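The values are calculated or read from the model by the stated rules, or taken from the named source; none is laboratory data. Predicted model, so just to flag it, every value in this text is computed and none were measured. All Cβ positions, glycine included, derive from the backbone under ideal geometry; neighbour counts span all protein chains shown.
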Amino acid sequence: MFFDIRRQLQELVQKSLPTGQAGLSSLETVAPILIDIPADKAHGELSCNIALQLSRTLKKNPMAIAADILKNLQQELTQHPLKNFFANIEVKQPGFINFYLSPQGFYAILETVLNKKDDYGKSSHGARTPFCLEFVSANPTGPLTVAHGRQAAVGDSLVNVLKTVGYKAQKEYYVNDEGNQINILGRSIYFRAKEILGDKAEFPEDGYQGDYIRTIAEEFIKKHAIKASGALEKINPQQWRQFGADYLMGLIKKDLEDFNVHFDIWSYQSKIATTKAMERVLADFNAKGYIYEHEGAWWFKSTQWGDDKDRVVKKSNGEYTYLTPDIVYHQDKFARGFKHIVDILGPDHHGYIPRIKAAAAALGKSVDDLDVVIVQLATIYRSGKPVSMSTRRGEFITLREVMDEVGTDAARFFFLMRQTDAHLDFDLELAKKTSAENPVYYIQYAHARIHSIIRKATDESHLTPRLKSFSLLKEVEEMDLMRKMALYPQVLLICAKQLDPFALGRYLQELAGCFHKFYDAHRVLDENKELSRERLALIEAARIVLGNGLRLLGVTAPEKM
(Lines give C-alpha, C1' and ligand atoms only; values in the text may rest on other atoms or scores of the structure.)
Protein backbone atom coordinates (compact mmCIF):
# COMPACT_ATOMS: atom_id res chain seq x y z
CA MET A 1 0.00 0.00 0.00
CA PHE A 2 2.79 2.42 0.89
CA PHE A 3 4.36 1.95 -2.52
CA ASP A 4 1.02 2.42 -4.19
CA ILE A 5 0.69 5.73 -2.33
CA ARG A 6 4.14 6.76 -3.58
CA ARG A 7 3.30 5.80 -7.17
CA GLN A 8 0.06 7.77 -7.12
CA LEU A 9 1.82 10.74 -5.55
CA GLN A 10 4.34 10.76 -8.40
CA GLU A 11 1.47 11.00 -10.86
CA LEU A 12 -0.23 13.74 -8.86
CA VAL A 13 2.94 15.82 -8.54
CA GLN A 14 3.53 15.45 -12.29
CA LYS A 15 0.07 16.88 -12.93
CA SER A 16 0.72 19.67 -10.43
CA LEU A 17 3.88 21.07 -12.02
CA PRO A 18 3.64 24.83 -12.73
CA THR A 19 2.56 25.80 -16.23
CA GLY A 20 2.81 28.90 -18.37
CA GLN A 21 6.29 29.85 -17.17
CA ALA A 22 9.52 30.44 -19.03
CA GLY A 23 11.48 27.26 -19.56
CA LEU A 24 8.50 24.93 -19.22
CA SER A 25 9.19 23.38 -22.59
CA SER A 26 12.38 21.89 -21.19
CA LEU A 27 10.65 20.18 -18.25
CA GLU A 28 10.57 16.95 -20.21
CA THR A 29 14.34 16.70 -19.71
CA VAL A 30 14.02 16.83 -15.90
CA ALA A 31 14.80 13.57 -14.09
CA PRO A 32 11.74 11.49 -13.10
CA ILE A 33 9.87 12.77 -10.06
CA LEU A 34 11.12 10.98 -6.98
CA ILE A 35 9.12 10.47 -3.80
CA ASP A 36 11.62 9.64 -1.08
CA ILE A 37 11.21 8.34 2.46
CA PRO A 38 12.87 10.76 4.93
CA ALA A 39 15.09 9.26 7.60
CA ASP A 40 13.61 11.62 10.19
CA LYS A 41 9.83 11.36 10.76
CA ALA A 42 9.83 15.11 11.53
CA HIS A 43 10.09 15.56 7.74
CA GLY A 44 7.03 13.42 7.10
CA GLU A 45 6.53 9.93 5.77
CA LEU A 46 7.27 11.00 2.19
CA SER A 47 9.14 13.87 0.59
CA CYS A 48 9.67 15.27 -2.91
CA ASN A 49 12.54 17.48 -4.14
CA ILE A 50 11.17 18.26 -7.62
CA ALA A 51 11.16 22.02 -6.87
CA LEU A 52 14.91 21.93 -6.31
CA GLN A 53 15.35 20.09 -9.61
CA LEU A 54 13.28 22.70 -11.46
CA SER A 55 14.89 25.75 -9.89
CA ARG A 56 17.60 26.20 -12.53
CA THR A 57 15.26 25.38 -15.43
CA LEU A 58 12.57 27.82 -14.33
CA LYS A 59 15.07 30.40 -12.97
CA LYS A 60 12.99 30.70 -9.83
CA ASN A 61 13.43 30.17 -6.10
CA PRO A 62 12.70 26.50 -5.25
CA MET A 63 10.53 27.54 -2.28
CA ALA A 64 8.29 29.51 -4.65
CA ILE A 65 8.16 26.60 -7.12
CA ALA A 66 7.27 24.20 -4.31
CA ALA A 67 4.50 26.53 -3.15
CA ASP A 68 3.03 26.60 -6.68
CA ILE A 69 3.20 22.81 -6.92
CA LEU A 70 1.57 22.40 -3.49
CA LYS A 71 -1.30 24.70 -4.44
CA ASN A 72 -2.00 22.67 -7.59
CA LEU A 73 -1.49 19.39 -5.73
CA GLN A 74 -4.06 20.24 -3.07
CA GLN A 75 -6.54 20.94 -5.83
CA GLU A 76 -5.77 17.61 -7.51
CA LEU A 77 -6.26 15.78 -4.20
CA THR A 78 -9.80 17.07 -3.66
CA GLN A 79 -11.10 14.52 -6.18
CA HIS A 80 -8.54 11.78 -5.57
CA PRO A 81 -8.80 8.56 -3.47
CA LEU A 82 -5.71 9.67 -1.53
CA LYS A 83 -7.38 12.84 -0.22
CA ASN A 84 -7.91 11.37 3.26
CA PHE A 85 -4.49 9.72 3.47
CA PHE A 86 -2.58 12.88 4.39
CA ALA A 87 -2.88 14.87 7.60
CA ASN A 88 -0.65 17.62 6.23
CA ILE A 89 1.46 18.57 3.23
CA GLU A 90 3.94 21.39 3.66
CA VAL A 91 6.86 23.12 1.99
CA LYS A 92 10.15 23.15 3.87
CA GLN A 93 13.52 24.76 3.19
CA PRO A 94 15.24 24.71 0.80
CA GLY A 95 12.29 23.56 -1.32
CA PHE A 96 11.13 20.13 -0.20
CA ILE A 97 7.47 19.12 -0.26
CA ASN A 98 6.85 16.91 2.77
CA PHE A 99 3.86 14.61 3.15
CA TYR A 100 2.54 13.54 6.54
CA LEU A 101 0.22 10.54 6.62
CA SER A 102 -3.10 10.75 8.39
CA PRO A 103 -4.31 7.92 10.65
CA GLN A 104 -6.27 6.61 7.64
CA GLY A 105 -3.01 6.42 5.69
CA PHE A 106 -1.37 4.42 8.44
CA TYR A 107 -4.39 2.13 8.79
CA ALA A 108 -4.22 1.37 5.05
CA ILE A 109 -0.65 0.15 5.56
CA LEU A 110 -1.68 -2.02 8.50
CA GLU A 111 -4.54 -3.53 6.52
CA THR A 112 -2.22 -4.30 3.62
CA VAL A 113 0.22 -6.21 5.84
CA LEU A 114 -2.58 -8.24 7.43
CA ASN A 115 -4.10 -9.12 4.06
CA LYS A 116 -0.87 -9.99 2.26
CA LYS A 117 0.74 -11.88 5.15
CA ASP A 118 3.73 -13.88 3.78
CA ASP A 119 3.46 -12.01 0.48
CA TYR A 120 3.99 -8.62 2.10
CA GLY A 121 7.12 -7.11 0.58
CA LYS A 122 6.90 -9.08 -2.65
CA SER A 123 7.00 -7.14 -5.89
CA SER A 124 7.53 -7.53 -9.63
CA HIS A 125 10.44 -5.07 -9.65
CA GLY A 126 12.88 -7.60 -11.13
CA ALA A 127 10.53 -8.51 -14.00
CA ARG A 128 11.66 -12.17 -13.76
CA THR A 129 15.13 -11.28 -15.04
CA PRO A 130 17.36 -14.41 -14.94
CA PHE A 131 19.95 -13.67 -12.26
CA CYS A 132 22.90 -15.87 -11.26
CA LEU A 133 24.77 -15.41 -7.98
CA GLU A 134 27.93 -17.46 -7.62
CA PHE A 135 29.34 -17.51 -4.11
CA VAL A 136 31.44 -19.44 -1.61
CA SER A 137 33.03 -21.57 -4.38
CA ALA A 138 35.79 -22.54 -1.95
CA ASN A 139 38.54 -24.70 -3.41
CA PRO A 140 38.12 -28.24 -2.08
CA THR A 141 41.45 -28.01 -0.27
CA GLY A 142 40.15 -27.54 3.27
CA PRO A 143 37.01 -27.06 5.40
CA LEU A 144 34.93 -23.91 5.05
CA THR A 145 36.31 -21.04 7.11
CA VAL A 146 34.44 -18.12 8.66
CA ALA A 147 35.32 -16.08 5.54
CA HIS A 148 33.39 -18.61 3.46
CA GLY A 149 30.62 -18.53 6.06
CA ARG A 150 30.18 -14.80 5.67
CA GLN A 151 30.05 -15.13 1.89
CA ALA A 152 27.49 -17.93 2.24
CA ALA A 153 25.25 -15.85 4.51
CA VAL A 154 25.47 -12.84 2.18
CA GLY A 155 24.87 -14.77 -1.04
CA ASP A 156 22.02 -16.93 0.24
CA SER A 157 20.18 -14.02 1.86
CA LEU A 158 20.67 -11.85 -1.20
CA VAL A 159 19.17 -14.47 -3.50
CA ASN A 160 16.17 -14.74 -1.16
CA VAL A 161 15.69 -10.97 -1.36
CA LEU A 162 16.11 -10.88 -5.15
CA LYS A 163 13.47 -13.57 -5.59
CA THR A 164 11.10 -11.65 -3.34
CA VAL A 165 11.37 -8.49 -5.44
CA GLY A 166 10.77 -10.33 -8.70
CA TYR A 167 14.09 -11.60 -10.04
CA LYS A 168 14.50 -15.16 -11.27
CA ALA A 169 17.60 -15.63 -9.15
CA GLN A 170 19.63 -18.81 -8.71
CA LYS A 171 22.52 -19.79 -6.44
CA GLU A 172 25.60 -21.37 -8.00
CA TYR A 173 28.73 -22.96 -6.54
CA TYR A 174 31.75 -23.28 -8.83
CA VAL A 175 34.01 -26.15 -7.81
CA ASN A 176 37.65 -25.44 -8.67
CA ASP A 177 38.61 -29.09 -8.90
CA GLU A 178 41.72 -28.59 -11.04
CA GLY A 179 44.94 -26.62 -10.86
CA ASN A 180 47.95 -26.25 -8.62
CA GLN A 181 45.99 -26.06 -5.35
CA ILE A 182 44.50 -29.48 -6.00
CA ASN A 183 47.97 -30.83 -6.84
CA ILE A 184 49.26 -29.49 -3.50
CA LEU A 185 46.31 -31.12 -1.73
CA GLY A 186 47.16 -34.49 -3.27
CA ARG A 187 50.83 -34.22 -2.27
CA SER A 188 49.89 -33.15 1.25
CA ILE A 189 47.72 -36.24 1.72
CA TYR A 190 50.39 -38.48 0.23
CA PHE A 191 53.10 -37.26 2.61
CA ARG A 192 50.79 -37.52 5.63
CA ALA A 193 50.03 -41.09 4.61
CA LYS A 194 53.76 -41.86 4.46
CA GLU A 195 54.16 -40.37 7.93
CA ILE A 196 51.27 -42.44 9.32
CA LEU A 197 52.86 -45.60 7.92
CA GLY A 198 56.20 -44.84 9.59
CA ASP A 199 58.07 -43.11 6.76
CA LYS A 200 59.83 -39.97 8.03
CA ALA A 201 59.73 -38.21 4.66
CA GLU A 202 59.89 -34.43 4.94
CA PHE A 203 56.50 -32.77 4.53
CA PRO A 204 56.41 -30.26 1.61
CA GLU A 205 56.85 -26.65 2.67
CA ASP A 206 53.84 -25.49 0.67
CA GLY A 207 51.62 -28.35 1.85
CA TYR A 208 48.35 -28.02 3.76
CA GLN A 209 49.12 -28.69 7.40
CA GLY A 210 45.71 -28.85 9.06
CA ASP A 211 44.69 -31.90 11.05
CA TYR A 212 42.07 -32.62 8.40
CA ILE A 213 44.86 -33.71 6.00
CA ARG A 214 45.88 -36.46 8.45
CA THR A 215 42.22 -37.53 8.71
CA ILE A 216 41.91 -37.76 4.91
CA ALA A 217 45.17 -39.73 4.71
CA GLU A 218 43.90 -42.17 7.34
CA GLU A 219 40.66 -42.62 5.40
CA PHE A 220 42.59 -43.24 2.18
CA ILE A 221 44.79 -45.85 3.84
CA LYS A 222 41.76 -47.55 5.35
CA LYS A 223 39.80 -47.58 2.09
CA HIS A 224 42.67 -49.07 0.10
CA ALA A 225 43.81 -51.43 2.91
CA ILE A 226 47.39 -50.15 2.68
CA LYS A 227 49.76 -51.82 5.17
CA ALA A 228 53.19 -50.42 4.29
CA SER A 229 54.65 -47.15 3.08
CA GLY A 230 56.13 -48.77 -0.01
CA ALA A 231 52.67 -49.45 -1.41
CA LEU A 232 52.02 -45.72 -1.65
CA GLU A 233 54.49 -45.36 -4.52
CA LYS A 234 52.28 -47.49 -6.76
CA ILE A 235 49.31 -45.14 -6.40
CA ASN A 236 48.64 -42.68 -9.22
CA PRO A 237 48.91 -39.05 -7.98
CA GLN A 238 45.48 -38.39 -9.51
CA GLN A 239 43.97 -40.76 -6.94
CA TRP A 240 45.29 -38.66 -4.06
CA ARG A 241 43.96 -35.49 -5.63
CA GLN A 242 40.54 -36.93 -6.44
CA PHE A 243 40.10 -38.63 -3.10
CA GLY A 244 41.02 -35.47 -1.20
CA ALA A 245 38.82 -33.19 -3.29
CA ASP A 246 35.82 -35.54 -3.05
CA TYR A 247 36.27 -35.96 0.69
CA LEU A 248 36.44 -32.21 1.29
CA MET A 249 33.54 -31.45 -1.03
CA GLY A 250 31.48 -33.85 1.08
CA LEU A 251 32.38 -31.85 4.20
CA ILE A 252 31.69 -28.55 2.44
CA LYS A 253 28.26 -29.64 1.23
CA LYS A 254 27.31 -30.89 4.70
CA ASP A 255 28.43 -27.63 6.32
CA LEU A 256 26.43 -25.60 3.81
CA GLU A 257 23.35 -27.78 4.28
CA ASP A 258 23.53 -27.31 8.07
CA PHE A 259 24.06 -23.58 7.51
CA ASN A 260 20.74 -23.56 5.64
CA VAL A 261 22.38 -22.75 2.30
CA HIS A 262 21.18 -24.87 -0.61
CA PHE A 263 22.62 -24.28 -4.06
CA ASP A 264 20.56 -24.59 -7.23
CA ILE A 265 23.59 -25.32 -9.43
CA TRP A 266 26.91 -27.07 -8.83
CA SER A 267 29.37 -26.36 -11.64
CA TYR A 268 32.78 -28.00 -12.02
CA GLN A 269 35.82 -26.42 -13.62
CA SER A 270 36.92 -29.83 -14.94
CA LYS A 271 33.70 -30.13 -16.93
CA ILE A 272 33.32 -26.53 -18.12
CA ALA A 273 36.80 -25.12 -18.62
CA THR A 274 38.20 -27.96 -20.70
CA THR A 275 41.28 -27.46 -22.84
CA LYS A 276 39.08 -27.52 -25.93
CA ALA A 277 36.77 -24.85 -24.47
CA MET A 278 39.71 -22.61 -23.55
CA GLU A 279 41.26 -22.99 -27.00
CA ARG A 280 37.93 -22.11 -28.57
CA VAL A 281 37.35 -18.91 -26.56
CA LEU A 282 40.92 -17.67 -27.14
CA ALA A 283 40.61 -18.39 -30.86
CA ASP A 284 37.41 -16.33 -30.88
CA PHE A 285 39.10 -13.46 -29.00
CA ASN A 286 42.06 -13.65 -31.36
CA ALA A 287 39.80 -13.46 -34.42
CA LYS A 288 38.20 -10.32 -32.97
CA GLY A 289 41.57 -8.70 -32.32
CA TYR A 290 41.41 -8.97 -28.54
CA ILE A 291 44.57 -11.13 -28.27
CA TYR A 292 48.19 -10.36 -29.13
CA GLU A 293 51.42 -12.29 -28.67
CA HIS A 294 54.39 -10.92 -26.75
CA GLU A 295 57.54 -12.83 -25.73
CA GLY A 296 55.83 -16.10 -26.53
CA ALA A 297 52.81 -15.45 -24.29
CA TRP A 298 49.25 -14.59 -25.33
CA TRP A 299 47.88 -11.36 -23.89
CA PHE A 300 44.24 -10.30 -23.54
CA LYS A 301 43.63 -6.61 -24.33
CA SER A 302 41.70 -5.99 -21.10
CA THR A 303 42.84 -2.34 -21.05
CA GLN A 304 40.42 -1.81 -23.92
CA TRP A 305 37.65 -1.98 -21.28
CA GLY A 306 39.30 -0.10 -18.45
CA ASP A 307 41.74 -2.57 -16.85
CA ASP A 308 45.01 -1.02 -15.72
CA LYS A 309 47.06 -3.45 -17.80
CA ASP A 310 46.60 -6.25 -20.29
CA ARG A 311 46.49 -9.79 -18.91
CA VAL A 312 48.31 -12.96 -19.89
CA VAL A 313 45.86 -15.74 -20.77
CA LYS A 314 48.38 -18.26 -22.09
CA LYS A 315 51.96 -18.44 -20.85
CA SER A 316 54.99 -18.89 -23.09
CA ASN A 317 55.22 -22.53 -21.91
CA GLY A 318 51.71 -23.21 -23.18
CA GLU A 319 50.00 -23.24 -19.78
CA TYR A 320 46.81 -21.24 -19.28
CA THR A 321 46.58 -18.62 -16.53
CA TYR A 322 43.70 -18.78 -14.06
CA LEU A 323 41.89 -16.01 -15.99
CA THR A 324 41.34 -18.22 -19.04
CA PRO A 325 39.13 -20.89 -17.40
CA ASP A 326 37.27 -18.08 -15.63
CA ILE A 327 36.47 -16.49 -19.00
CA VAL A 328 35.14 -19.83 -20.21
CA TYR A 329 33.09 -20.23 -17.04
CA HIS A 330 31.44 -16.82 -17.43
CA GLN A 331 30.80 -17.52 -21.09
CA ASP A 332 29.05 -20.71 -19.99
CA LYS A 333 26.86 -18.82 -17.49
CA PHE A 334 25.75 -16.29 -20.09
CA ALA A 335 25.12 -19.14 -22.54
CA ARG A 336 22.76 -20.69 -19.99
CA GLY A 337 20.52 -17.65 -20.32
CA PHE A 338 21.44 -15.52 -17.33
CA LYS A 339 20.97 -11.83 -18.07
CA HIS A 340 22.80 -10.69 -14.98
CA ILE A 341 25.69 -12.38 -13.19
CA VAL A 342 27.02 -11.64 -9.72
CA ASP A 343 30.28 -13.06 -8.38
CA ILE A 344 30.65 -12.83 -4.61
CA LEU A 345 34.34 -12.98 -3.74
CA GLY A 346 36.80 -12.35 -0.93
CA PRO A 347 38.89 -9.17 -0.46
CA ASP A 348 41.92 -10.62 -2.24
CA HIS A 349 40.00 -10.34 -5.54
CA HIS A 350 39.75 -6.55 -5.89
CA GLY A 351 42.13 -6.57 -8.86
CA TYR A 352 40.03 -9.29 -10.46
CA ILE A 353 37.03 -7.00 -11.06
CA PRO A 354 38.22 -4.95 -14.09
CA ARG A 355 39.72 -7.95 -15.87
CA ILE A 356 36.63 -10.17 -15.57
CA LYS A 357 34.38 -7.25 -16.56
CA ALA A 358 36.63 -6.77 -19.58
CA ALA A 359 36.19 -10.45 -20.37
CA ALA A 360 32.40 -10.05 -20.22
CA ALA A 361 32.64 -7.16 -22.68
CA ALA A 362 34.86 -9.22 -24.99
CA LEU A 363 32.20 -11.94 -24.86
CA GLY A 364 29.74 -9.43 -26.30
CA LYS A 365 28.04 -8.46 -23.04
CA SER A 366 27.75 -5.10 -21.31
CA VAL A 367 30.14 -4.58 -18.40
CA ASP A 368 26.97 -3.85 -16.40
CA ASP A 369 25.74 -7.40 -16.99
CA LEU A 370 28.36 -8.61 -14.50
CA ASP A 371 28.83 -7.43 -10.93
CA VAL A 372 31.53 -8.48 -8.50
CA VAL A 373 30.68 -8.10 -4.82
CA ILE A 374 33.68 -8.12 -2.50
CA VAL A 375 32.87 -9.46 0.97
CA GLN A 376 35.44 -8.35 3.53
CA LEU A 377 36.88 -10.75 6.06
CA ALA A 378 35.40 -11.55 9.45
CA THR A 379 37.52 -11.74 12.58
CA ILE A 380 36.26 -14.12 15.22
CA TYR A 381 36.72 -12.99 18.82
CA ARG A 382 36.74 -15.38 21.73
CA SER A 383 37.28 -14.05 25.28
CA GLY A 384 38.12 -10.68 23.78
CA LYS A 385 40.94 -12.04 21.62
CA PRO A 386 40.96 -12.58 17.86
CA VAL A 387 41.33 -16.14 16.60
CA SER A 388 44.13 -16.59 14.06
CA MET A 389 43.24 -18.04 10.67
CA SER A 390 45.60 -19.60 8.10
CA THR A 391 44.50 -22.45 5.87
CA ARG A 392 48.06 -23.60 5.14
CA ARG A 393 49.24 -23.65 8.77
CA GLY A 394 45.97 -25.20 9.85
CA GLU A 395 45.46 -22.55 12.52
CA PHE A 396 41.97 -21.40 11.66
CA ILE A 397 38.44 -21.53 12.97
CA THR A 398 35.96 -23.24 10.69
CA LEU A 399 32.39 -22.38 9.87
CA ARG A 400 31.44 -25.68 11.54
CA GLU A 401 33.05 -24.57 14.81
CA VAL A 402 31.12 -21.29 14.76
CA MET A 403 27.82 -23.04 14.02
CA ASP A 404 28.41 -25.58 16.79
CA GLU A 405 29.28 -22.85 19.28
CA VAL A 406 26.63 -20.19 18.64
CA GLY A 407 24.04 -21.93 16.43
CA THR A 408 23.09 -21.40 12.81
CA ASP A 409 20.69 -18.51 13.45
CA ALA A 410 23.20 -16.40 15.35
CA ALA A 411 26.00 -17.28 12.93
CA ARG A 412 24.00 -16.23 9.87
CA PHE A 413 22.73 -13.01 11.42
CA PHE A 414 26.08 -11.95 12.84
CA PHE A 415 27.77 -12.47 9.47
CA LEU A 416 25.33 -9.88 8.07
CA MET A 417 25.76 -7.23 10.76
CA ARG A 418 28.09 -5.07 8.69
CA GLN A 419 27.97 -4.01 5.06
CA THR A 420 29.79 -6.42 2.76
CA ASP A 421 32.58 -3.92 2.05
CA ALA A 422 33.30 -3.47 5.77
CA HIS A 423 35.42 -5.73 7.96
CA LEU A 424 33.33 -7.69 10.47
CA ASP A 425 34.19 -8.41 14.10
CA PHE A 426 32.26 -11.50 15.25
CA ASP A 427 31.94 -11.73 19.05
CA LEU A 428 31.22 -15.33 20.01
CA GLU A 429 30.19 -14.42 23.55
CA LEU A 430 27.69 -11.80 22.35
CA ALA A 431 26.23 -14.24 19.80
CA LYS A 432 25.44 -16.70 22.61
CA LYS A 433 23.75 -14.23 24.95
CA THR A 434 20.01 -14.56 25.60
CA SER A 435 19.44 -10.87 26.21
CA ALA A 436 18.59 -7.67 24.35
CA GLU A 437 22.32 -7.12 23.78
CA ASN A 438 22.25 -9.92 21.21
CA PRO A 439 20.51 -8.49 18.11
CA VAL A 440 19.27 -11.78 16.69
CA TYR A 441 17.87 -12.82 20.08
CA TYR A 442 16.25 -9.37 20.38
CA ILE A 443 14.44 -9.80 17.05
CA GLN A 444 13.46 -13.44 17.59
CA TYR A 445 12.21 -12.63 21.09
CA ALA A 446 9.92 -9.93 19.67
CA HIS A 447 8.49 -12.45 17.21
CA ALA A 448 7.99 -15.10 19.90
CA ARG A 449 6.51 -12.62 22.38
CA ILE A 450 3.87 -11.55 19.85
CA HIS A 451 2.94 -15.19 19.29
CA SER A 452 2.59 -15.61 23.03
CA ILE A 453 0.36 -12.55 23.41
CA ILE A 454 -1.93 -13.61 20.57
CA ARG A 455 -2.17 -17.18 21.93
CA LYS A 456 -3.10 -15.83 25.33
CA ALA A 457 -5.70 -13.50 23.84
CA THR A 458 -7.23 -16.31 21.80
CA ASP A 459 -7.19 -18.98 24.53
CA GLU A 460 -8.10 -16.90 27.58
CA SER A 461 -10.04 -13.89 26.30
CA HIS A 462 -11.33 -15.30 23.01
CA LEU A 463 -10.06 -12.23 21.21
CA THR A 464 -8.71 -12.23 17.67
CA PRO A 465 -7.02 -9.42 15.69
CA ARG A 466 -9.22 -7.10 13.65
CA LEU A 467 -8.56 -7.09 9.92
CA LYS A 468 -9.75 -3.54 9.16
CA SER A 469 -11.10 -0.36 10.76
CA PHE A 470 -8.40 0.66 13.24
CA SER A 471 -9.72 4.02 14.44
CA LEU A 472 -8.67 3.44 18.07
CA LEU A 473 -4.96 3.26 17.25
CA LYS A 474 -3.77 6.79 17.91
CA GLU A 475 -0.76 6.56 20.23
CA VAL A 476 2.65 7.75 19.06
CA GLU A 477 4.17 4.28 19.58
CA GLU A 478 1.39 2.72 17.50
CA MET A 479 1.98 5.13 14.64
CA ASP A 480 5.73 4.60 14.84
CA LEU A 481 5.26 0.84 14.57
CA MET A 482 3.03 1.20 11.50
CA ARG A 483 5.45 3.70 9.97
CA LYS A 484 8.30 1.23 10.39
CA MET A 485 6.31 -1.65 8.88
CA ALA A 486 5.56 0.50 5.86
CA LEU A 487 9.27 0.71 5.05
CA TYR A 488 9.80 -3.04 4.65
CA PRO A 489 9.23 -3.27 0.86
CA GLN A 490 11.54 -0.29 0.33
CA VAL A 491 14.27 -1.95 2.41
CA LEU A 492 14.11 -5.05 0.20
CA LEU A 493 14.53 -2.91 -2.93
CA ILE A 494 17.52 -1.17 -1.34
CA CYS A 495 19.12 -4.55 -0.60
CA ALA A 496 18.52 -5.68 -4.18
CA LYS A 497 19.94 -2.46 -5.64
CA GLN A 498 23.01 -2.49 -3.40
CA LEU A 499 23.47 -6.27 -3.72
CA ASP A 500 23.85 -6.39 0.05
CA PRO A 501 21.36 -7.80 2.61
CA PHE A 502 22.84 -5.74 5.46
CA ALA A 503 20.02 -3.15 5.44
CA LEU A 504 17.43 -5.85 6.11
CA GLY A 505 19.10 -7.03 9.31
CA ARG A 506 19.41 -3.48 10.58
CA TYR A 507 15.75 -2.80 9.69
CA LEU A 508 14.56 -5.85 11.63
CA GLN A 509 16.42 -4.62 14.71
CA GLU A 510 14.69 -1.25 14.37
CA LEU A 511 11.28 -2.87 13.86
CA ALA A 512 11.78 -5.08 16.92
CA GLY A 513 12.77 -1.94 18.83
CA CYS A 514 9.54 -0.21 17.79
CA PHE A 515 7.53 -3.20 18.96
CA HIS A 516 9.28 -3.44 22.33
CA LYS A 517 8.83 0.30 22.86
CA PHE A 518 5.11 0.03 22.11
CA TYR A 519 4.69 -3.02 24.32
CA ASP A 520 6.47 -1.36 27.23
CA ALA A 521 4.23 1.72 26.98
CA HIS A 522 0.80 0.18 26.34
CA ARG A 523 -1.29 -2.82 27.31
CA VAL A 524 -2.29 -4.96 24.37
CA LEU A 525 -5.07 -6.74 26.26
CA ASP A 526 -7.01 -3.76 27.54
CA GLU A 527 -10.39 -3.56 29.25
CA ASN A 528 -11.64 -2.04 26.02
CA LYS A 529 -12.11 -5.19 23.90
CA GLU A 530 -12.21 -3.32 20.60
CA LEU A 531 -8.96 -1.54 21.41
CA SER A 532 -7.47 -4.92 22.33
CA ARG A 533 -8.49 -6.38 18.98
CA GLU A 534 -6.95 -3.45 17.12
CA ARG A 535 -3.71 -3.71 19.08
CA LEU A 536 -3.65 -7.45 18.46
CA ALA A 537 -3.89 -6.62 14.76
CA LEU A 538 -1.04 -4.14 15.11
CA ILE A 539 1.34 -6.61 16.74
CA GLU A 540 0.23 -9.44 14.43
CA ALA A 541 1.25 -7.25 11.47
CA ALA A 542 4.60 -6.62 13.16
CA ARG A 543 5.02 -10.36 13.65
CA ILE A 544 4.31 -10.95 9.95
CA VAL A 545 6.98 -8.47 8.87
CA LEU A 546 9.52 -9.75 11.40
CA GLY A 547 8.91 -13.33 10.26
CA ASN A 548 9.14 -12.45 6.58
CA GLY A 549 12.42 -10.64 7.09
CA LEU A 550 14.00 -13.30 9.28
CA ARG A 551 13.19 -16.01 6.76
CA LEU A 552 14.86 -14.02 3.98
CA LEU A 553 18.00 -13.90 6.10
CA GLY A 554 17.81 -17.66 6.64
CA VAL A 555 17.08 -17.20 10.35
CA THR A 556 14.22 -19.01 12.09
CA ALA A 557 11.21 -17.08 13.38
CA PRO A 558 10.36 -18.95 16.61
CA GLU A 559 6.91 -19.06 18.18
CA LYS A 560 8.38 -19.82 21.60
CA MET A 561 11.68 -19.01 23.27
Here the residues within the stretch 49-104 that are in contact with a Ser or Thr (Cβ under 8 Å, 6 or more places away or on another chain) and acidic (Asp, Glu) are GLU76
Subset of the stretch 482-509, residues polar (S, T, N, Q) and under 16 Å from ALA169 (Cβ atoms), comes to GLN498
In the set PHE502, PHE515, PHE470, the lone residue that is more than 22 Å from LEU101 (Cβ to Cβ) and of a type in the set (Phe, Trp, Tyr) is PHE502
Flagged in the stretch 273-289 as surrounded by 13 or more Cβ atoms within 10 Å (Cβ to Cβ), among the polar types (S, T, N, Q) and closer than 19 Å to ASN176 by Cα, in numbering order, are THR274
Scanning the stretch 82-126 residue by residue, the ones that are touching a residue at least 60 places away in the same chain (Cβ under 8 Å), polar (S, T, N, Q) and within 20 Å of GLN10 (Cβ to Cβ) total 3
Okay, helices (runs of 4 or more DSSP H) sitting entirely in the stretch 361-461 with 3 or more residues that are in contact (Cβ under 8 Å) with a residue 12 or more places away in the chain and closer than 21 Å to ASP500 by Cβ, I get 408-415, 439-460
Practice prompt. Tell me, yes or no, whether the stretch 512-519 has at least one residue that is part of a loop (DSSP other than H, G, I, E, B), within 25 Å of the chain's Cα centre (by Cα), under 26 Å from ASP36 (Cβ atoms) and modelled with pLDDT of 95 or more.
Written response: no
Matching residues in the stretch 101-129 (under 33 Å from the mean Cα position of the chain (by Cα) and buried (at least 17 other Cβ atoms within 10 Å of the Cβ)) number 15
Q. Going by the conditions given, is LYS163 on the phi > 0 side of the Ramachandran plot and not in a loop (DSSP other than H, G, I, E, B)?
A. no
Restricting the stretch 225-245 to residues that are loosely packed, with under 14 Cβ neighbours inside 10 Å and free of Cβ contacts under 8 Å to residues at least 40 places away in the same chain, the one nearest to the chain's Cα centre (by Cα) turns out to be ASN236
Considering residues that are in contact with an Asp or Glu (Cβ under 8 Å, 6 or more places away or on another chain) and either closer than 18 Å to PHE334 by Cβ or surrounded by fewer than 24 Cβ atoms within 10 Å (Cβ to Cβ) (or both), the number found within the stretch 155-171 is 2
Per the filter on the stretch 59-80, residues assigned to a helix (DSSP H, G or I) and among the charged types (D, E, K, R) are ASP68, LYS71, GLU76
Selection over the stretch 202-220 where residues are touching a helix residue (DSSP H, G or I) at 6+ places or on another chain (Cβ under 8 Å) and either at pLDDT 95 or above or surrounded by 14 or more Cβ atoms within 10 Å (Cβ to Cβ) (or both) yields a count of 12
In the set ALA153, ALA147, ALA87, ALA127, the lone residue that is outside any strand (DSSP E or B), modelled with pLDDT under 95 and not assigned by TED's automatic domain parsing to the domain that holds LEU472 is ALA147
Checking LEU472, LEU492 in turn, the sole residue that is at pLDDT 95 or above and crowded, with 18+ Cβ neighbours inside 10 Å turns out to be LEU492
Checked the stretch 347-360 for anything in a helix (DSSP H, G or I) and either over 13 Å from ILE374 (Cα atoms) or not hydroxyl-bearing (Ser, Thr, Tyr) (or both); matches are PRO347, ASP348, HIS349, ILE353, PRO354, ARG355, ILE356, LYS357, ALA358, ALA359, ALA360
Residue set ALA422, ALA411, ALA431; condition at pLDDT 95 or above and out of contact with any helix residue (DSSP H, G or I) (no Cβ under 8 Å at 6 or more places or on another chain); output residue ALA422
Scanning the stretch 329-383 for residues that are surrounded by 14 or more Cβ atoms within 10 Å (Cβ to Cβ), closer than 20 Å to ALA153 by Cα and among the acidic types (Asp, Glu) gives ASP343, ASP371
Filtering the stretch 322-341 down to residues that are of a type outside the set (Gly, Ala, Ser) and in a helix (DSSP H, G or I) yields LEU323, THR324, PRO325, ASP326, ILE327, VAL328, TYR329, HIS330, GLN331, ASP332, LYS333, PHE334
